[in-house]
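Read the structure below first, then the notes.
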Amino acid sequence: MSSAVDLDALAAARAALSTSSPLVHCLTNTVVQTLTANVLLAVGAAPAMVEAPEEAGDFAAIASALLVNVGTVHGRSAEAMRVAVRSAGAAGTPWVLDPVAVGGLRFRTDLAVELADSGPAVVRGNASEVMALAGAGAGGRGVDSTATADDALEVAVVLAGRTGGVVAVSGPVDVVTDGARVVRVGGGHPLLTRTTGAGCALGALTAAYVAVAGDRLDGAVAAHAHVALAAEAAAAVCSGPGTFAAAWVDALDAVTAEDLLRADVRDDT
Amino acid sequence: MSSAVDLDALAAARAALSTSSPLVHCLTNTVVQTLTANVLLAVGAAPAMVEAPEEAGDFAAIASALLVNVGTVHGRSAEAMRVAVRSAGAAGTPWVLDPVAVGGLRFRTDLAVELADSGPAVVRGNASEVMALAGAGAGGRGVDSTATADDALEVAVVLAGRTGGVVAVSGPVDVVTDGARVVRVGGGHPLLTRTTGAGCALGALTAAYVAVAGDRLDGAVAAHAHVALAAEAAAAVCSGPGTFAAAWVDALDAVTAEDLLRADVRDDT
Amino acid sequence: MSSAVDLDALAAARAALSTSSPLVHCLTNTVVQTLTANVLLAVGAAPAMVEAPEEAGDFAAIASALLVNVGTVHGRSAEAMRVAVRSAGAAGTPWVLDPVAVGGLRFRTDLAVELADSGPAVVRGNASEVMALAGAGAGGRGVDSTATADDALEVAVVLAGRTGGVVAVSGPVDVVTDGARVVRVGGGHPLLTRTTGAGCALGALTAAYVAVAGDRLDGAVAAHAHVALAAEAAAAVCSGPGTFAAAWVDALDAVTAEDLLRADVRDDT
């Protein structure tokens, strides 16, 4: 059954981002840190990358939300992630798990599977990553997905049941589910896939939205819709994949609560 | 008493940057390395990030200046910072300490307090960070400052006396002091605070200027004035917070010695 | 004797990049990861930075090519490089060594000399770095070269004989040799030297080209010619060193196989 998503809730979340400026603790890969920080700043959130295992726990406890992205994870950063997730759990800080390239690579796959059992508010990845995290696929080739978001729908619903949170699968049409409801987010632009870190920044934005939204599914949907709207605007003014990133950050800043009322979202529960 | 700053000294320092191309050894956080390097290249300096504890000492000894920024510090990078600072001290290499997010986080706060006792030519931070470093405040929320530069003025003067160097406090109006003189630098643009790494790049630019200026206070003031002038020019041509960064680097390149003669600086000693 | 380079081979390699989308495993410095990834995405390749020693071996075995760049190397990343190079050798994955700032700094110099003995398909660096790697010079000041590419020609020919691969020396005119043939690549633009990571991204692009080209020398030459053509186009539309990088990525995307037929390359064997 397809029905209307509560667009007012998405718009309210966008407005809350600007007014409450959530502090987002990012444990993310070194390739995408700059874009991630700039995306958060553009929408009104406050980014902070606090990476030492000695500090990550204290910071996760005071942050509004936490992002854990395993893109370039290694021994020390894995330890910081474990400490931060434990602290976030104790403090009630919502956190997002981005299982970058999980599947073929054992070290990160074991880590991500372990972390997924600690109650992430949202798991966000592409179809191959989500399927591999759930034990239902071998994963893609590095960060590429060899499956569509809809291929991962059944697995995502099961995974959401297991984590008790939301699972968001990125693709030409994104699929976002809390195990009960299924929402599809359309729009966006292929240049997102040609800009390193766009998906990772979406994970951070999801963390920011979850910190301010009344409902986690609404928060995740709002983040995906915000990204899609901004991508369309940026694609219209950039000159190629190089100039897209800065134009996208400009556009992320410009997306208003009213813009989210016309987001391409559909409840397909 | 308010009097004129020696603008000719600032202009001379700007000219010296281009002609002597100081080599700036940057031990800085991973979020801002790219922008930091591009800012240094734009003004005519030569950046180098040499981060292994095995190499940081040798390199600090041959560099023209050293930047130590604790934004994403952890065990190994803290060790590299200690080695580099020791070597810089022995070799007479001037160095800048940027106490990012010092205050609530113990690991970096202990490190920054320890390093501050080793004679930095300049300490550069926002008001919350400078106050926390001096033991006079609890620090901000991550990298945000909850105080104005003038709130930190008294503390900055005391800290400058303790380090024997300059303390520069960033804000809408920057305050720069060597314990005796107090200079305020106006201008700039709020988009600087919405671009990740702009403050950190200012720390690197301060290191470059201190390497070439006859006087450390003049060097620090010139760096802040250079950044402010370029920010104004960039804000006039960019389309938002995303396109600001590249426009700012263009503008940093374009700021001439003559431009510094009209910098908004005021000696308020 | 100067003769024509097989331009058709360069054009064919450009076409192959887009159609076969080689997966390039990058173990590179943290300053340039974002630009490197975006350059690879722009030309149609797939970047992946898999840095943990626990994973680098497995990934190098399945990647189409490997880049090893020692710009910010330290203990753990050196171990990942050793593991990856060993695995690449066993799997037949071609790999590129970029000896950033090799010369004065012992830790990286020892590592690069050790790795150079493991059969890199291409060594790519500036003249000072290549000479230092071959034991024929003291190296430059950080990443600057104090010599021209032609100063390094004799040494490059000897080094190519020793590694059994190609040696590419960057400069206003690049020199590329496999020990038998010597090809010069002209064009390009000085703004490349004022953009952090442009040379490092060229190393990654060389890895991508070597993965798809029939001949390693052709692959390395095509990469250098591609970069030069795009730099000229970008310089014509950018507003300074800050806006150059994004314009260059746009231009790298736009360079076609046909464009490579008019590359400024010359066989000076």
Summed for both chains, how many Å² of accessible area, to the nearest 100, are buried between B and C with a 1.4 Å probe? 2000
Between B:Val157, B:Val31, B:Val169, find the one with the highest GNM mean-square fluctuation for chain B; connect C-alpha pairs within less than 10 Å. B:Val31
Hey, rough spin-label estimate for C:Ser118 and A:Val158, points 7 angstrom out along Cα→Cβ, what's it come to in nanometres? 3.9
Accessible carbon and sulfur surface of chain B relative to its total accessible area, %, 1.4 Å: 53
Please say if chain B is rounded, prolate or oblate, where rounded means a/c under 1.5 for a ≥ b ≥ c the square roots of the C-alpha gyration tensor eigenvalues, and otherwise the choice is prolate for a/b larger than b/c and oblate otherwise? rounded
Taking 8 Å as the Cα distance limit and 6 or more residues as the minimum spacing, I'd like the relative contact order of the range B:132-269 as a percentage. 21
Counting only other residues whose beta carbon sits under 11 Å from that of C:Gly171, what net charge do I get with K and R as +1, D and E as -1? -2
Once R0 is set to 51 Å, what does the formula 1/(1 + (r/R0)^6) return for the Cβ-Cβ distance between C:Thr19 and A:Asp215, expressed as a FRET efficiency to the nearest 0.05? 0.70
How much mean residue ellipticity at 222 nm does chain C get from its helices, if each DSSP H run of length 4 or more adds -39500 (n - 2.57) and you divide by all residues, to the nearest 500 deg cm²/dmol? -16000 deg cm²/dmol
When chain C is treated as a GNM, springs tying every alpha-carbon pair under 10 Å, which of C:Cys200, C:Cys26, C:Cys238 comes out with the largest mean-square fluctuation? C:Cys238
Roughly how many nanometres apart are two label points built 7 Å out from the Cα toward the Cβ at A:Ala136 and B:Arg106? 4.4
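Can you give me the relative contact order of the range A:7-267 as a percent, contacts being Cα pairs under 8 Å and 6 or more apart?
Values: 605 pairs, mean separation 56.4, N = 261.
It rounds to 22 percent for the range A:7-267.
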Quick one: which bits of the range C:41-56 get at least 30 Å² less accessible when the partner protein chains are in, versus the chain alone, with a 1.4 Å probe? C:Leu41, C:Met49, C:Glu51, C:Ala52, C:Glu54, C:Glu55
How far is it, in nm, from the label point at C:Ala236 to the one at B:Ala4 when both lie 7 Å from their Cα along the line to the Cβ? 4.9
Residue span C:Glu258 to C:Arg76: 0.36 nm per residue of separation minus Cα-Cα distance leaves a gain in nm of 61.2 nm
Where only protein heavy atoms count, and the probe is 1.4 Å, what is the accessible area per residue for the protein assembly as shown in Å²? 31
What list of ³J(HN,Hα) couplings, whole Hz, do you get for the range C:108-118 from phi and the Karplus terms 6.51, -1.76, 1.60, once you set θ to phi - 60° and write x for glycine and proline? 6, 5, 4, 4, 5, 5, 4, 5, 4, 7, 9
Please check: in the Gaussian network model of chain A (C-alpha springs, under 10 Å), which one of A:Pro120, A:Pro99, A:Pro53 has the largest mean-square fluctuation. A:Pro53
Which of rounded, prolate, oblate describes the range A:193-269, given a ≥ b ≥ c as roots of the alpha-carbon gyration tensor eigenvalues and a/c under 1.5 marking rounded, otherwise prolate only if a/b is larger than b/c? prolate
To the nearest 20 Debye, how big is the dipole of chain B about its Cα centre, given +1 on the beta carbon of each Lys and Arg and -1 on that of each Asp and Glu? 380
Among residues of the range C:180-217, a drop of 20 Å² or more in 1.4 Å probe accessible area, assembly relative to the chain on its own, occurs for C:Arg194, C:Thr196
With the solvent-accessible surface defined on protein heavy atoms using a 1.4 Å probe, which residues belonging to the range A:97-123 display a reduction of at least 20 Å² in accessible area in the multichain context relative to the isolated chain? A:Leu105, A:Phe107, A:Arg108
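The values are calculated or read from the model by the stated rules, or taken from the named source; none is laboratory data. Just so we're clear, the structure is a prediction, and the values are computed from it rather than from any experiment. Neighbour counts are summed over all protein chains in view; Cβ atoms, including those assigned to glycine, are modelled from backbone coordinates with ideal geometry. SASA here: full protein model, heavy atoms, side chains in, ligands and nucleic acids out. Shrake-Rupley method; radii C 1.70, N 1.55, O 1.52, S 1.80 Å.
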